[in-house]
Every structure is written in C-alpha cells, then in structure tokens.
1. By how many nm would the segment from LEU130 to LYS199 grow when fully extended, if each residue of separation counts as 0.36 nm and the alpha-carbon distance is taken off?
2. Fully extended, how many nm does the chain gain between ARG52 and MET270 (0.36 nm per residue separation, minus their Cα-Cα distance)?
3. Which FRET efficiency, nearest 0.05, do ASN326 and VAL186 yield, Cβ-Cβ r, R0 45 Å?
4. Within a 10 angstrom radius of the beta carbon, how do TYR248, TYR201 rank from fewest other beta carbons to most?
5. Please give the FRET efficiency for SER217 paired with LEU155, using the beta carbon to beta carbon distance and R0 = 25 Å, rounded to the nearest 0.05.
6. For the ranges 285-298, 94-107, what's the packing order if you count other beta-carbon atoms within 10 Å of each residue, average per peptide, and put the highest first?
7. Counting only helical runs of four or more DSSP H residues, what would the 222 nm mean residue ellipticity of the chain come to if each run contributes -39,500 (n - 2.57) and the total is spread over all its residues?
8. With unit charges on the beta carbons (Lys and Arg positive, Asp and Glu negative) and the dipole taken about the Cα centre of the chain, which residue among LEU181, PHE297, ILE36 sits farthest to the positive side?
Amino acid sequence: MTALNKLNYLNIGLMLLSCLIAFYLPFDLFLFAYAILGPAHYLTEISWLHERHYFTKGKRDYLLLGILAFLIFLCSYVLKDMKYFQKKDLWVMLSNSFIFIAFFSALVLAVLKDGFTRMVGVCMVCIAALLAKNYFLIFSVFLPTLIHVYIFTGLFILYGALKSRSTSGYFSFAVFLLCPLLFVFVSSGAFIISPYAQKTYYYFQVVNEKVYQLFSSPNSQVPDIRTALYESSLGIKIMRFIAFAYTYHYLNWFSKTTVIKWHKISKIRMGIIVLLWGISIGLYAYDYKLGFDWLFFLSVLHVFLEFPLNHTSFIGIFKESKDMINGKVARE
C-alpha cells in the first residue's frame, strides 16, 4: 500500500470515528475539539501559510486580510457594545462587509499579479460589498463556520483525489459526503445533554439557530429556541453534523502533517506555538468564554488567511476536472 493510500484510509477512519462520537456526544465533542484541537490548528496553519506566502501573488497581501480580521474583532467586541452601532445594527452590516471583502479580495490577491489591476480589483470588491444585499447568512454566519470547516475541507479532499487520480482518494471524498447522512436517516433516540455543555455552547448556538430556521417546518410547534436546539430531533441532528464537521476538519489537518510538513519550522517558532497552545487550553479550562474571547481574533484570522488557498483549490479542481475530461494521465 502506498503512502498516499495509507493517508486516505487513515482519514476515512478519522471520519468514521468523528461521526461515531458526534452521534452520541455532539455537544461535548464540539466543545472539546474547539478548545483542544482548534488553537493548535490555528497556530500551525498560520505558520504553514506564512512559509508559502499565503498563496497570494504579493509579499504583503496578508496584511489586508489581517486588517480585515482585526476589524471583525473590533465590530464584535467594541462597536457591538456602543449604543449608536448597536441601535442601528451597523456593527452587523460592517462585519458582513468585511467578510465579503476578505473573501473576494483573496481571489484578486491569489490570481492577479499586476499591482494596478489588483488595486482596481480590490476597489471593485469594496464597491460590491456596499451594493450587495441579503448575504448575512452566507458571509457572516456560514462562511467562517460551516462552509470553512465542511465545504472547504471537502473541496481539499476532492482536489487531492483529482490531482493523484487516486481511487482511495475518491473513496475518502465519498465517505466524507455520506457521513452526515447518518445523522439524517438514523433516529436520534433519547438524548441527554450535560448542564455544562448546554450552558457553554450558548456562545456558538447562533449557527445552530440559523440552520434550524432553514430546515424547520414553518408549522412546527416548538416551545422556545433552546428546546428546539437542545431537545428536538432536528436540533440534535444539526448539532451532530456541526460536531462532526469541526472535529474532522481539525483531525484532517493534523493527519496530513507528513505530507504538507507544517512541522518543519524552527525550534523557536515551534516553542512559541506550543506555549500559546498551552495558554489557550489553560484559559478554556479556567473559563470557556475567556478562552473563546482570547482566540476569537486568531480563529477569524486563520479563516481569512486561508481564503487565497481556498480559491487556489477551486481553480485547481476546475483544471484537474478539465484534464480528466480531456483524458490526461495522472501524475504520480
């Protein structure tokens, strides 16, 4: 068995493991993965992206994405509490615009080389952000969360399978798509959530609320939103999917260590990463909200800095699919 096949089958095993635990302990699994695996993922991926110039054409392109991530932090922790911005929900509008600009500016930075053309492209993105309407759910709620951890992860798996023309890679992608169906078609049965998990998950439940509103029947009779999210069959299925998506997203990153070699860095940088990771875990253990607030900027930053890689993968999938249609031979 080749190293690539071993890696693909390892990831299939990690998918099934994540799926199994998410079925029985969705809230606890999510909180554990987010607090333990999350910080390590943010730190190591940002370090890895830095070594690869963030997959953009310019040396300092990451500064724009970093500034936008910081502006999101300001909106969430400063402007949100100011009466003027709170009353008119301007902080929400600004957050949506910054995420929109970050995502599409990353495409400009990843594709275009000429400085003037890139500047015009970013300006056009900013204008589009001012004119675009009704994109709150996609850009503010789903893009930094479920789209990032599930759809983009799936596209990375597909891109790898297409590049290698690997049967095990295609199988891995199929399993990744099929795992969430377990939560849909298998009865949830009796379910108990611990008081700690129910209290702590409050910081994340906006995602569950929006998904629930999309898939719930208009005529469904649910006493309140907490009952809907934590006790209803649909609410539990949504949570199982979220727990699976996040947990495997993190495990997938670490399973590819020997391939992408994110650990090939200086001892000083590795020491800093380990130190920050340890501090983060300590903060989560002391007060989960404190840990969440501490890492909010870092989590948003890693999402934004990954956008150019996401766009590069989209382009790569298109090219590899075109080559397959044209009958080109796989590269070993």
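None of the figures in this text is laboratory data; all of them are computed from the coordinates on show. Nothing here was measured: the structure is a model prediction, and the numbers come from that model. Please note: Cβ atoms are built from the backbone with ideal geometry, for glycine as well, and neighbour counts cover all protein chains shown.
1. 21.1 nm
2. Fully extending the segment from ARG52 to MET270 adds 76.8 nm.
3. Working: r = 41 Å, r/R0 = 0.91.
The formula returns an efficiency of 0.65 here.
4. Going from least to most buried by this count: TYR201, TYR248.
5. Values: r = 31 Å, r/R0 = 1.24.
In this case the efficiency is close to 0.20.
6. Peptide ranking by packing, descending: 94-107, 285-298.
7. When only DSSP H runs of four or more count, the value is -24000 deg cm²/dmol.
8. Final value for the positive-end residue is PHE297.
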